[in-house]
Amino acid sequence: MCCLTDSGKITTDVDSLRSEIRDKSIRVIDVRREDDYKQDHIPTAVNLPLANLLSDDSPERILKLINAMGIDNETPVVVYDDTFGALASRVAWTLEYIGHSDVTLLETTYGHWKSLGLESDSNIPEIQSKEHSMNLQPNILATSDYLESAKDRDDVILIDNRERLNYLEQHIPGAISLPYRTLASNNKILRPKEDMKRLLENRGVTGNSEIITYCGSVGTLSGLAYYALKSVDLPNTKLYVRSFKEWKNLQKPTAKQEDASYWDLSAE
């Protein structure tokens, strides 16, 4: 069972991943810290700590990382973390941006995988380098300049995925609040499709609007929201990857919620 969009899967379920590992038909990426990865990980997984990726996330360097992980244009990729899917989402989005279309998120965290008693080991696989082409997808990226011109358009919805309290204190003008904590359910990093659709409709996120997500600094929480939106067939979605930290550093306009009620402080 997978979460589907027009462009294919968003998440890969546990049973499917176990089968694909046995068939050796997939590249699994563990984005946790190197020490955690070396201790144990899903069998055959390669390690790409998010901090390593973010140290230089230029397309040219990302392409080198992808090649070194043995990923070519046709390689199916599944990404996982132990941080409710946020770090994995940022890595998956980066692969998408480079032009890798077959990338999904593991439906759960590594911690839950282990709690189920599923396979793990500490073996570091030997990887043969491959050649991936560069096919940038600027349609899924929002820059500060793009956002400044787009945020006042009637057909654009801007979503802030930080904690509600941070949103109330300061946010990009016109943004609506959708805290990242509301996106998960039980042990899954994303709610079921119909449940997610209801959540988004309650926030007024529907239809053919262009949707731009942002969070605090590097696009992790908003990366998870990016995939949440795609999971309910809202493909016209962009990630403002540099997020609110850059926006503030550029001294762009911000807004404050002056009349917050008690409900406003809750995650829901």
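Yes or no, residue by residue, for (1) under 26 Å from Lys197 (Cβ atoms); (2) in a loop (DSSP other than H, G, I, E, B); (3) in contact with a helix residue (DSSP H, G or I) (Cβ under 8 Å, 6 or more places away or on another chain):
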residue	(1), (2), (3)
Asp15	yes, no, no
Ser19	no, no, no
Ser25	no, yes, no
Tyr37	no, no, no
Ile62	no, no, yes
Asn67	no, no, no
Thr83	yes, yes, no
Arg90	yes, no, yes
Thr94	no, no, yes
Original post:
Considering only the range 8-33, how many residues are within 20 Å of the chain's Cα centre (by Cα) and of a type in the set (Lys, Arg)?
Top reply: 4
Original post:
Taking the stated definitions as given, is Leu178 within 14 Å of the chain's Cα centre (by Cα) and closer than 27 Å to Arg191 by Cα?
Top reply: no
Original post:
Looking at the range 144-154, is at least one residue within 20 Å of Phe244 (Cα to Cα), at pLDDT 95 or above and of a type in the set (S, T, N, Q)?
Top reply: yes
**OP:** State yes or no: is Ser115 in the same structural domain as Arg22 (by TED's automatic domain parsing) and within 26 Å of Arg242 (Cβ to Cβ)?
**Re:** no
Subject >> Filter result for the condition that a residue is closer than 20 Å to Val14 by Cβ and either crowded, with 19+ Cβ neighbours inside 10 Å or acidic (Asp, Glu) (or both), over Asp145, Asp160, Asp102, Asp154 >> reply: Asp102
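Condition check ((1) closer than 21 Å to Lys130 by Cβ; (2) crowded, with 22+ Cβ neighbours inside 10 Å) across all residues:
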position	(1), (2)
Ser16	no, no
Ile21	yes, no
Ile26	yes, no
Gly85	no, yes
Ala92	yes, yes
Gly111	no, no
**OP:** Take the range 105-121 and flag every residue that is hydroxyl-bearing (Ser, Thr, Tyr), in contact with an Asp or Glu (Cβ under 8 Å, 6 or more places away or on another chain) and outside any loop (DSSP other than H, G, I, E, B).
**Re:** Tyr110
**OP:** Report, by residue number, each residue of the range 213-230 that is assigned to a helix (DSSP H, G or I) and more than 12 Å from Leu87 (Cβ to Cβ).
**Re:** Ser222, Ala225, Tyr226, Tyr227, Ala228, Leu229, Lys230
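The values are calculated or read from the model by the stated rules, or taken from the named source; none is laboratory data. Here the structure is a predicted model, which is why all the values come from computation and not from measurement. Positions of Cβ are backbone-derived with ideal geometry, glycine not excepted, and every protein chain shown enters the neighbour counts.
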